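First comes the structure, then the notes that go with it.
The values are calculated or read from the model by the stated rules, or taken from the named source; none is laboratory data. These numbers were taken from a predicted model, which means no experiment stands behind them. Every residue, glycine among them, receives a Cβ derived from its backbone with ideal geometry; neighbour counts consider all protein chains shown. Heavy atoms of the whole protein, side chains included, go into the accessibility calculation; ligands, DNA and RNA do not. Shrake-Rupley method; radii C 1.70, N 1.55, O 1.52, S 1.80 Å.
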Amino acid sequence: MKLFVYHTPEQTPSEQEPNCAIAVDVLRATSTMATVLAAGGEAVQVFSDLEKLIQVSEAWSTEHRLRAGERGGAKVPGFDLGNSPLDCTPELVSGKRLFISTTNGTRTLQRIENAQVVLTAALINRAAVVRYLINHQPDTVWIVGSGWEGNFSLEDTVCAGAIAHAVSQQMQTPIEKIAGNDEVISAIALYLQWQDNLLGLLHHASHGQRLLRLDGYEDLKYCSQTDILDVLPIQSEPGVLKAASRL
Ligand code: MLT
């Protein structure tokens, strides 16, 4: 198994697809997806375009769908939800499909949707993703951060480092044997520096600061936790993610 870390979807090599691709958007799209599926959501379906989301979700009855729209960290007017994982309670999401469009996270999923296996990871479900990698040993794994509008983000890269570090430790394999690019080493270094204060790191992140300005402290606190949800979101068809245990 070789791991490759890309800080943004734009950095992934064009015209190549890995055996397994992992989308990361700690603040907050992949944290929200893990939360919805752990809370009994039927599936999460992602869109980059808000109009298309509305059009496709029309085919679902209102009891079986939720529409989530986020731009610039804020809820899109007219949508049921923004992108706060804390809104996704079992009472609200159980049995429903979440149709979601966010600024960056959904774009990452679109870039990697043709990989053989597509997963989503956040700090909160890191252990489930690591377990999948160790059990299945895909030859090439891309861990793709969503960043912010094409730029590096601390929170996605620290999560990539948390995954790579755990894989290396649990396989008892030195990191240089599984690192496919230098970004893996730097992501692990970032994680090792901040592993005991991930909430502090999220406060330094530019999107963390944006969310704090939007009163999002509780979201930062929730998304900074590690391994609290045992759920593995996996793509069942392009753009649709389900909990692996329910496929
Ligand atoms: C994104 O896709 O850019 C994010 O998930 C933004 C957010 O809602 O925090």
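Observations on the structure shown:
- Surface accessible to a 1.4 Å probe, Ile134 within the full protein complex, Å²: 40 Å²
- Backbone N atoms of segment 95-114 closer than 18 Å to the 7 Å Cα→Cβ label point of Asp80 belong to residues 95-102.
- Helix 126-136 vs. the chain, principal-axis angle (Cα, 0 to 90°, nearest 10): 60 degrees
- Considering only Asp156, Asp25, Asp49, the Gaussian network model of the chain with Cα springs below 10 Å gives its largest mean-square fluctuation to Asp49.
- A simple spin-label model places the labels of Arg131 and Asp196 2.8 nm from each other, with each point 7 Å out along Cα-to-Cβ.
- Per-pair calculated FRET efficiency, R0 = 41 Å: Thr89 and Ser14 via Cβ, rounded to 0.05: 0.55
- Listed residues Met171, Met33 arranged by accessible area, highest first, probe 1.4 Å: Met171, Met33
- Within the assembled protein chains, the solvent-accessible surface assigned to Leu81 is about 20 Å², based on a 1.4 Å probe.
- With all protein chains kept in place, the per residue accessible area of the chain amounts to 42 square angstrom at a probe of 1.4 angstrom.
- Between the Cα long axis of helix 182-194 and the first principal axis of the chain there is an angle of about 80°, rounded to the nearest 10.
- Expected-Rg normalisation [2.2 N^0.38 Å, Cα atoms] applied to the chain: 0.93
- DSSP loop GluC sites (Glu not before Pro) with at most 13 other Cβ within 10 Å excluded, longest remaining stretch of the chain: 150-247
- Over the residues of the chain, the helix contribution to mean residue ellipticity at 222 nm works out to -11000 deg cm²/dmol, using -39500 (n - 2.57) for each DSSP H run of at least 4.
- About its Cα centre, the chain has a charge dipole of approximately 220 debye under the convention of +1 per Lys or Arg Cβ and -1 per Asp or Glu Cβ, with nothing else charged.
- Solvent exposure of Trp148, expressed as accessible area, is near 40 Å², computed with a probe of 1.4 Å over the protein chains only.
- Each Cα pair under 8 Å and six or more residues apart adds its sequence gap; the mean of these over the residue count of segment 103-247 is a relative contact order of 33 percent.
- Counting only residues at least eight positions apart within a chain, or on another chain, the aspartates and glutamates with an alpha carbon under 16 Å from that of Lys242 are Glu42, Glu113, Asp230.
- Phi-based couplings in Hz for segment 172-179 (Karplus 6.51, -1.76, 1.60; Gly and Pro marked x): 6, 10, x, 4, 5, 7, 10, 7
- Highest-fluctuation residue, Ile163, Ile54, Ile112 considered, GNM on the chain with Cα pairs under 10 Å: Ile54
- List Asp80, Asp139, ordered by accessible area with a 1.4 Å probe, largest first: Asp139, Asp80
- Accessible surface of the chain [probe 1.4 Å, protein heavy atoms]: carbon and sulfur percent: 47 percent
- Gaussian network model of the chain, Cα within-10 Å springs - most flexible of Lys96, Lys177, Lys75: Lys177
- FRET efficiency, 1/(1 + (r/R0)^6) with R0 30 Å, evaluated for Thr62 and Ser206 via beta carbons: 0.25
- Once the Cα atoms are used to define both axes, helix 154-170 deviates from the longest principal axis of the chain by about 50 degrees.
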